[in-house]
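The structure appears right after this line, and notes come after that.
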C-alpha cells in the first residue's frame, strides 16, 4: 500500500515553521485568488495520511477533493505512469495517437451505465469535460438552451460559471457569462417546504413546469445534473426527482447529462452515483477520481450523440495526455482489484452512525446525509428555522485542522462539512478522525 506510517502525528503547531516559511514565499509569487483550505505544505502522502514539511502527519478526510480515491501514489498508478514517462510524455493525440487513450475509452465504455454503444473524448479538467458535453449536446440537437439545477457546481470556466449556482467565490465579478443557461429547482430534502417525503415528485413537477413554460422543451439541448450534488452541499436529490427529469428528457429529445466529476468512480458505493436510481445518462462527465491524481477528464456517452460533433470540433493539445491515461488505467485496475465500491460502502457503515449520534447530541447538526464515502453534515443555528450556521462550520473545521484532521467545508450557505476520505483509508484512521471531530464539537 504505502511506506508512509498510517498514524496521525502532530509535532508542531499547524501550520509549522517550515510551512509558514513556504507560505511567505507563496504569498510573494502566487496569485491571491488561489485559496488553500490549510496553509500546510505537503511533503509526502499515502493511504489516509498527508505528511507536511514539518513532519506532522494529518489524517486525510478530503482526498484532494475526491481525487485520490485509490490513495496518493497508488502502486498501479505509479507503475503504469512511470513506464509511460520512460516511453514518451506527449505526442498530442490529434497529431499521432497512442493506445492508452483508446484503452481508457474502452474502460469507460465498459464501466459507465448502459449497454448501448459508447464513445469518449478525453480532456484535462472537469470544467473542460462539462463545457464539451454542452458543445456535443448542442451539435446533436441543433438547440441552444441548457438547463441546470439550483445549488449546482459545474466548473470555473466562463460557460461552467454560468452553469454553477453559487456566486461567491466562483462567479463574483467575473461576468458577463455565457447565455442560454436556465436554472430550475432541485429536490433538496432537508430544505423542501413540504418535507422530504414529498420532495422528489414535487421538485420534479416544478422543474418540468418551469422548463415547459419558460424555455420550451423543443429549445433545450441538455439537462445537466449532479446525481449527488457536490459544492452545493452534498445534496442527495429526493427519490424520484432524477428519474422524472430523465424521462422528460427522453420524451423531448433532450440530452441528459450526468456530471459525475465528484461523485463518480466508486465514491458513493457504486461505480457511478446515477446508478442508485437506475439512471442511464446520454452523456456522463468524469474527472477527479479517474486517474489517481493525474489531470484527466472525459465525456462518455451514446455513440451517435458523441459523434454529432464535426471532425476537429473536439480536442485540445493536452487532452488525454499519455501519462494521465496510464494513471487512469492504473486507478481503474486498483478500483477493481480492491473492490472500492464495497470499500466506500464500508466507510459509510463506519461513519454515518457516528455522525448520526453526533446529530442526536448536538443541536447545531441539522442534517446528516450522503452515500458511500461522500458524506456531509449541515450545521444550523436553529433546527426549527434551519438558519445556516457558517461561522460554526468554519470554527469546527479550524479545530479539526489544528488537531491534524483535514476536512473540507462546502454548501451554498457555507454551512456544510463534507467528508471525502480516500477509499483505501485504514479503518483505525477513520475512527480516529471521527474522534477528533467529536472532540471539536465538544469544544465548540
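Points worth noting:
- Of everything in the range 150-169 that is in contact (Cβ under 8 Å) with a residue 60 or more places away in the chain and in contact with a helix residue (DSSP H, G or I) (Cβ under 8 Å, 6 or more places away or on another chain), the residue that is surrounded by the most Cβ atoms within 10 Å (Cβ to Cβ) is 154.
- The range 109-124 - residue that is farther than 23 Å from residue 99 by Cβ and in contact (Cβ under 8 Å) with a residue 60 or more places away in the chain and, of those, surrounded by the most Cβ atoms within 10 Å (Cβ to Cβ): 113
- Odd one out for residue 199, checked against (1) buried (at least 19 other Cβ atoms within 10 Å of the Cβ); (2) touching a strand residue (DSSP E or B) at 6+ places or on another chain (Cβ under 9 Å): (2)
- Options 157, 91; residue that is more than 24 Å from residue 303 (Cβ to Cβ) and over 22 Å from the mean Cα position of the chain (by Cα): 91
- Counted as qualifying within the range 158-253 are the helices (runs of 4 or more DSSP H) with 2 or more residues that are outside the structural domain of residue 408 (by TED's automatic domain parsing) and under 24 Å from residue 308 (Cβ atoms), namely 158-163, 241-251.
- Of the residues screened, residue 324 is one that is assigned to a helix (DSSP H, G or I) and either farther than 23 Å from residue 63 by Cβ or assigned by TED's automatic domain parsing to the domain that holds residue 143 (or both).
- Residues that are in a strand (DSSP E or B) and more than 22 Å from residue 84 (Cβ to Cβ) within the range 286-314 comprise 299, 301, 302, listed in sequence order.
- Here is the figure for the range 49-63: residues that are over 21 Å from residue 336 (Cα atoms) and outside any loop (DSSP other than H, G, I, E, B) total 8.
Per-residue answers, yes or no, for (1) assigned to a helix (DSSP H, G or I); (2) buried (at least 24 other Cβ atoms within 10 Å of the Cβ); (3) free of Cβ contacts under 8 Å to residues at least 60 places away in the same chain:
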{"position": "267", "(1), (2), (3)": "no, yes, no"}
{"position": "275", "(1), (2), (3)": "yes, no, no"}
{"position": "279", "(1), (2), (3)": "no, no, no"}
{"position": "284", "(1), (2), (3)": "no, yes, no"}
{"position": "316", "(1), (2), (3)": "no, no, no"}
{"position": "328", "(1), (2), (3)": "yes, yes, no"}
{"position": "334", "(1), (2), (3)": "yes, no, no"}
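- Verdict on residue 77 being touching a strand residue (DSSP E or B) at 6+ places or on another chain (Cβ under 9 Å), outside any loop (DSSP other than H, G, I, E, B) and at pLDDT 95 or above: no
- Among strands (runs of 3 or more DSSP E) entirely within the range 364-412, having at least 2 residues that are within 29 Å of residue 11 (Cβ to Cβ), assigned by TED's automatic domain parsing to the domain that holds residue 235 and at pLDDT 95 or above singles out no element at all.
- Count - residues of the range 20-39 that are without any contact (Cβ under 8 Å) to a residue 60 or more places away in the chain and part of a loop (DSSP other than H, G, I, E, B): 7
- The residue list 76, 43 contains one member that is closer than 25 Å to residue 426 by Cα and touching a helix residue (DSSP H, G or I) at 6+ places or on another chain (Cβ under 6 Å), which is 76.
- Checked against the criteria, residue 34 counts as outside the structural domain of residue 269 (by TED's automatic domain parsing) and within 24 Å of residue 261 (Cα to Cα).
The values are calculated or read from the model by the stated rules, or taken from the named source; none is laboratory data. What you see is a predicted model, and the numbers here were worked out from it, not measured in a lab. Don't worry about glycine lacking a Cβ; one is built from the backbone with ideal geometry, like all the others, and counts go over all protein chains shown.
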